[in-house]
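The values are calculated or read from the model by the stated rules, or taken from the named source; none is laboratory data. These figures come from a predicted structure and were not determined experimentally. Counting neighbours? That spans all protein chains shown, and the Cβs are built from the backbone with ideal geometry, glycine included. Note: accessible area is taken over every heavy atom of the protein model, side chains too, but ligands, DNA and RNA are not part of it. Shrake-Rupley method; radii C 1.70, N 1.55, O 1.52, S 1.80 Å.
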Amino acid sequence: MGNPTGTFTRRRFLKTVSIASAAAASGMVATQAHAAEFTLKYANNLPATHPMNIRAKEMAAKIATESKGRIDLQVYPNNQLGNDTDTLGQVRSGAVDFFTLSPLILGTLVPAAQISGVGFAFKDYNQVWAAMDGELGAHVRKQIESKSTLFAFEKIWDNGYRQITNSTRPIAKPEDLKGMKLRVPPSPLWTSMFRAFDSAPASINFAEVYSALQTKIVEGQENPLAIISTAKLYEVQKYCSVTNHMWDGFWFLANKKSFERLPKDLQDIVTRNVNKAGVKQRADTRALNDSLVADMKGKGLQFNDTDNEAFRAKLRSAGFYAEWHKKFGDEAWTVLEKYTGKLA
């Protein structure tokens, strides 16, 4: 899946033929069209049609071009190399070179990474990008590098604000979540937040979400609209409540040893293109999320708005913010509130 597009492959082939001909003419030994000097694997858990993978394929082609064919970055979408937990293990060991993962799931390895997902913290994208491209993002990247065999590239990719879907009832106020069986990713922060709303959260890997909803193992789930759409969750859900309860992104993670094997000039090419693709993907994802309400209404999903302040007040009274302030520590919490305003 991760090979460059057919157009690019033909272009590279023609260029290779041209170089080989020139070499032969000058008396050099023309070798066969050789394999790339470095083959790198990038895995993610999203469908091939998601903006992440569209930009990743474009990024892979640019890296191949700029490195003059020395790097072949192969893209493996849709859990092809395993679920999130499996692939995180592979990128930590170096079997996979790159992996994009939600800060909230990365929190199982680096607890500080979860801070960007505190419930109802960021009111809008202006706050999100100021924080993640600023001190909060820098704080998290430093923690990732100090506590694992990984590092994260500077520009976090966008997953969007998360919304709640279910097959039972619209969620308009915190009380509507009481007792609801809701799939959440395997993350203590998610579990803690939905327990504060008196729901029944269940940790299920994303690869199993569709079947869990279809067979009613859980009533609902929560994800950004782009994922609800590309994973076709509207086929097995009736209601979508626009809660914007968490902003979520994807740190573009790399295995340190694997990356350090690349010469400095190739490291620069990869870094520049990963970050440029991330910024483009942010705009793509936001535009896609904005366009999807009408599209999924047409597919039968019923939408409703919510009172965010009521949810924030419930988290405050349940001690959620105080609990996570204590877990993250004063330093990190102060940086978060620099961008969000006072939470508790």
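Please identify, among Ile228, Ile217, Ile164, the residue showing maximal mean-square fluctuation in a Gaussian network model of the chain using a 10 angstrom Cα cutoff. Per the Cα network of the chain with a 10 Å cutoff, Ile217 tops the list.
For the range 79-144, trypsin sites (Lys or Arg not before Pro) are listed when DSSP marks them as loop and at most 10 other Cβ atoms sit within 10 Å of their Cβ; the list is empty.
Protein heavy-atom surface of the chain, 1.4 angstrom probe: 53% of the accessible area is carbon and sulfur, with nucleic acids and ligands not counted. Under 17 Å from a label point set 7 Å out along the Cα-to-Cβ vector of Glu175, the amide N atoms of the range 295-309 belong to 306-309. With each label modelled as a point 7 angstrom along the Cα→C-beta vector, the Ile217-Thr191 pair spans 1.6 nm.
Axis of helix 135-147 versus longest Cα principal axis of the chain: the two differ by about 70°, to the nearest ten degrees. Along the axis of the charge dipole computed for the chain (Cβ charges of +1 for Lys and Arg, -1 for Asp and Glu, origin at the Cα centre), the listed residues Ser148, Ala112, Ile171 are led at the positive end by Ser148. Against the longest alpha carbon principal axis of the chain, how many degrees, from 0 to 90 and to the nearest 10, is the axis of helix 308-317 turned? Between the helix axis and the principal axis of the chain, the angle is about 70 degrees. For the pair the range 33-102 and the range 271-344, the centres of their Cα atoms are 26 angstrom apart. Protein heavy-atom accessible surface, 1.4 Å probe, per residue over the chain: 43 Å².
For the set Lys123/Lys326; Lys123/Lys173; Lys41/Lys299; Lys123/Lys155; Lys41/Lys123; Lys181/Lys314, the pairs lying more than 26 angstrom apart at their alpha carbons are Lys41/Lys299; Lys41/Lys123.
Annotation note: trypsin sites (Lys or Arg not before Pro) in the range 301-344 located in DSSP loop regions with a Cβ neighbour count of at most 13 within 10 Å are Lys342. Taking a Cβ cut-off of under 10 Å around Pro174, the surrounding Lys, Arg, Asp and Glu residues balance to a net charge of 0, with basic ones at +1 and acidic ones at -1.
For the options Ala61, Ala226, Ala130, a Gaussian network treatment of the chain with springs between C-alpha atoms closer than 10 Å singles out Ala130 as fluctuating the most.
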